[in-house]
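See structure below.
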Amino acid sequence: MNVLRNLFALSTAALMLTACGEKKTVKADYDVIPKPLATTNVAGEPFLLSARTRIVYPAGNTKLHQNADFLASYVQQATGYAPVVTDNAKEKANGNIVLSIDPAVQNPEGYILQVNSDGISLKASTEAGIFYGIQTLRKSIPAKAENSAIEMAPVTIEDAPRFSYRGVHFDVGRHYFSVDFVKKFIDYLALHNQNRLHWHLTEDQGWRLEIKKYPQLTEVGSKRKHTVIGQNTGEYDGKPYGGYYTQDQVREIVAYAADRNIIVIPEIDLPGHMLGALAAYPQYGCTGGPYEVEATWGVFDDVICAGNEDAMLFLEDVLDEVVDLFPSEYIHIGGDECPKTRWEKCPKCQDRIKKEKLNVKNGHSPEENLQSYVIRRMERHLNGKGRQIIGWDETLEGGLAPNATVMAWRGMNEGVTAANMGHDVIMTPTSFCYFDYYQTADTSEEPLAIGGYLPLSRVYEFEPVPSNISDDKKHHIIGCQANLWTEYMPTEQQVEYMLMPRLAAMSEVQWSDASSRDYAQFLKRLPNLIAMYDREGVNYGKHIFDVSVNYTANTDKGVLEVELSSLNPEDQIRYTLDGSAPSAASALYTAPLEISEDAKLRSAVIRATGASRTLSQDVQISKSSLKPVQSVSEPSKSYAYNGITSLVDGLKGGRNYKTGRWIGFVGKDVEMVIDMRGETEISNAKVSALVEKGDWIMGATG
Ligand code: ACM
Ligand code: ZN
């Protein structure tokens, strides 16, 4: 009897703790990613979001009905309950979430979110704006709030994106990804406020789009007999590989994306990167083939024959079906990495050059002008169907029609040149936007990637509007995007790993006001987004949980300053200098270290859940290390990194020069003066040079 009474008392207490049936209450946090334009705390009582909350949308607005359903499902992902969705206007006054269209909100993707004790009002001038307000609301709710009511402090958030083009490029040519995964990918884009999916559908290694008029494109062109192992090792995996999207599947994906305010921009990469097509229709190549769907990675000489009229008509036919499938105003026609080797020798191509008078001297070779002929011809064809083109920055070579948009990938300067010529530009330079690059300097424990070095912090530093562009041309920079080339991403898990959390950093570059960007603050806002990734089982990169390090060679003091940090300031960072593995018993990091002798630094964050990955750095001190140094000849701007002191900092460069451990000189002798601070006996002097022929980096001669 006693026991029963106690149980009863307990359950009554439990009921009294909850306002509306949930077991507990947790607080919303409006510090989301990407950071909204203006968040103003308001005095007053909080609003309690619970299973009794309704989401009210205007009767007859099917798109807002769908948005309300999205919000209900997002709340359910976090809490387990889905608020009821209704168009009953009477519910507006009852402490609910009210979605409404308000033409006074200026930016078509902007919104105003107001929370007070009476409820939540979300207004925008378009359904897209409401969608982004919903994304902010969803990210404000703690990711794991099972059976909880959400206490939402009164607030007004007025938000709008900085750029109108916010995209991610996804290469499904090198590796094919299922329709379900492409949809999941689109969900990831929506979570990060993206509005474009640049879908790279055709490649040397596989043609992935069904074209009814040319069935061999997928029958033959989507399949390769095997795939090279590693970085073009010459060994193959022995497994046939293939996959493509039917036109019905494409329509399904386009609609799925549109529901989430994402426009799918298809890319048919022409006239290079076409071995998938040529394997299927060899008559459209200069030599006539035979060709094979490529099984290695790189840039290949066999391209579409620009002198063959049938090949041009073939491309136009393909684009006709593309236009029917994709409502996007912009169609990407590639134009990158098209070697001219075959065209130089092909009678048909040379004939076209003569007939079209492409051998004019305009600073470009006749074959570059021939490429421009192909691009302009395809552009004219698409313009005739009411569409515009996007091309990679090589399309500038030889001239481009004025309304073409340029995607600058080789560098920011290509984008500046295009903007100065009056083209709209999407910035996607390798140095900040190539998410196929490694995200950590120590790649010993990383899955194989193409190379490069693009940590989260560097993505965050990206400024898409460079200072060397004049004010009257800035408006041509319409946005930026992350590029995901998938040579080294054979699985969905690997795609997720390379995409997140770097997409979180990119989303803030794309969306948030430039003046509000602050990396330390961003890291503080990241944990709830990470918790969402965890909840959804995303295989994101975990590097943020490792020790971060900053080295400064202080040549005045003759020391290497080593600053260690981690995501959570409460984390305990442990380190050793003798190469032994750091443990809970190792020295606790409390202030920057000063190293002036040989050391083997090892460091890790020791958490209750286990240790982070270990940071490993050997420091090798020679007589010249940490001595003042001056360069007589300046390093080349593109390879200057942290400047001349990196040559005396005691830190050796590895194979990957993009980590900034090397500096490069172009066209001049390397001359520098090291102040040894007194007479010093030297028995030998050593200088190292890196050779990376693929990147045109050659060794030094003495
Ligand atoms: C590119 O990365 N080839 C555009
Ligand atoms: Zn040809």
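Which of G335, W696, P635 sits closest to the plus end of the dipole of the chain, meaning its Cα is farthest towards the positive end, when Lys and Arg get +1 and Asp and Glu get -1 on the C-beta? Going by the Cα projections, it comes out as G335.
Residue separation times 0.36 nm, minus the C-alpha to C-alpha distance between N147 and N420: what's the value?
Values: separation 273, 0.36 × 273 = 98.28 nm, distance 5.57 nm.
Here the answer is 92.7 nm.
In terms of the mean number of neighbouring beta-carbon atoms within 10 Å, the peptides 95-103, 205-213 order highest first as 205-213, 95-103. The antiparallel fraction among DSSP beta bridges confined to segment 145-246 stands at about 45%.
One Cα centroid belongs to segment 476-554, the other to segment 284-316; the line between them spans 37 Å. Partners of K225 within straight-line reach, counting lysines whose Cα lies under 16 Å from its Cα and excluding those fewer than 8 residues away in the same chain: K239.
So what does the Cα-only Debye profile of segment 556-702 read at q = 0.18 Å⁻¹, as log10 I(q)/I(0), no solvent term? Treating every Cα as an identical point scatterer, log10 I(q)/I(0) equals -1.11. Taken along the Cα-to-beta-carbon direction at a fixed 7 Å, the label points for E235 and F665 span 4.0 nm. Extension gain, A531 to A59, is 166.4 nm, computed as 0.36 nm per intervening residue step minus the present C-alpha separation. Remark: C-alpha extents of segment 205-297 on the principal axes read 44, 32, 20 Å, sorted largest to smallest. Between A38 and N468, the distance separating the two model label sites (each 7 Å from Cα on the Cα→Cβ line) works out to 3.6 nm. Three semi-axes describe the equivalent ellipsoid of segment 44-86; taken as square roots of 5 times the Cα gyration tensor eigenvalues and ordered largest first, they are 19, 14, 8 Å. Converting phi to 3J(HN,Hα) with the Karplus coefficients 6.51, -1.76 and 1.60 and the offset θ = phi - 60°, segment 342-349 yields 5, 4, 4, 9, 8, x, 5, 5 Hz in sequence order, with x at every glycine or proline. Rounded to whole numbers, the Karplus 3J(HN,Hα) couplings from phi for segment 164-177 are 7, 10, 9, x, 9, 9, 9, 8, 9, x, 5, 10, 8, 10 Hz, using 6.51 cos²θ - 1.76 cosθ + 1.60 with θ = phi - 60°, and x at Gly and Pro. Taking label positions 7 Å along the Cα-Cβ direction at both K24 and S457, the computed distance is 3.5 nm, reported to one decimal. Kirkwood hydrodynamic radius computed over segment 359-409 comes to 11.2 Å, based on all pairs of distinct alpha carbons. Loop-resident GluC sites (Glu not before Pro) (DSSP state other than H, G, I, E or B) in segment 597-696 with no more than 13 further Cβ atoms inside 10 Å of their Cβ: E597, E671, E679, E681. Look at the dipole of the chain built from charges on Cβ: of Y30, H543, S444, the Cα furthest out on the positive end belongs to Y30.
Positive-end ranking of L48, T680, V619 along the dipole of the chain, with charges on Cβ about the Cα centre, is headed by L48.
Dividing the summed helix terms, -39500 (n - 2.57) for each DSSP H run of n ≥ 4, by the number of residues in the chain produces a 222 nm estimate of -8000 deg cm²/dmol to the nearest 500. Ignoring lysines fewer than eight residues from K524 along the same chain, the ones with Cα atoms less than 24 angstrom from its Cα are K27, K35, K139, K144, K542. Arranged from fewest to most other beta-carbon atoms within 10 Å of their beta carbon, H332, H381, H226 become H226, H381, H332. Between A401 and D351, the C-beta separation translates, for a Förster distance of 25 Å, into a calculated FRET efficiency of about 0.55.
May I ask you to list the lysines whose Cα is less than 25 Å away from that of K627, ignoring any residue fewer than eight positions away on the same chain? Qualifying lysines at Cα under 25 Å: K557, K600, K637, K652, K658, K668, K686.
Kindly put I229, I141, I530 in sequence by how many other C-beta atoms sit within 10 Å of each C-beta, fewest to most.
Lowest to highest Cβ neighbour count: I229, I530, I141.
About the centre of its Cα atoms, the chain shows a dipole size close to 920 debye [charges on the beta carbon of Lys, Arg (+1) and Asp, Glu (-1) only; nearest 20 debye]. Here segment 543-563 is scanned for amide nitrogen atoms under 12 Å from the site 7 Å beyond the Cα of D675 along Cα-to-Cβ, giving 555-558.
Set the Förster radius R0 to 51 Å, insert the Cβ-Cβ distance between K686 and D571 as r into 1/(1 + (r/R0)^6), and round the FRET efficiency to 0.05. After rounding, the FRET efficiency stands at 0.85. Rg and Dmax of the chain, both derived from C-alpha coordinates alone, stand at 28.6, 104 Å. The slack in the chain from S444 to D695, taken as 0.36 nm per residue of separation less the alpha-carbon distance, amounts to 88.2 nm.
Read-outs throughout are calculated quantities, based only on the coordinates presented, and are distinct from any laboratory measurement. Given the structure is predicted, the values throughout are model-derived calculations rather than measurements. Note that we place each Cβ from the backbone using ideal geometry, even for glycine, and neighbour counts take in every protein chain shown.
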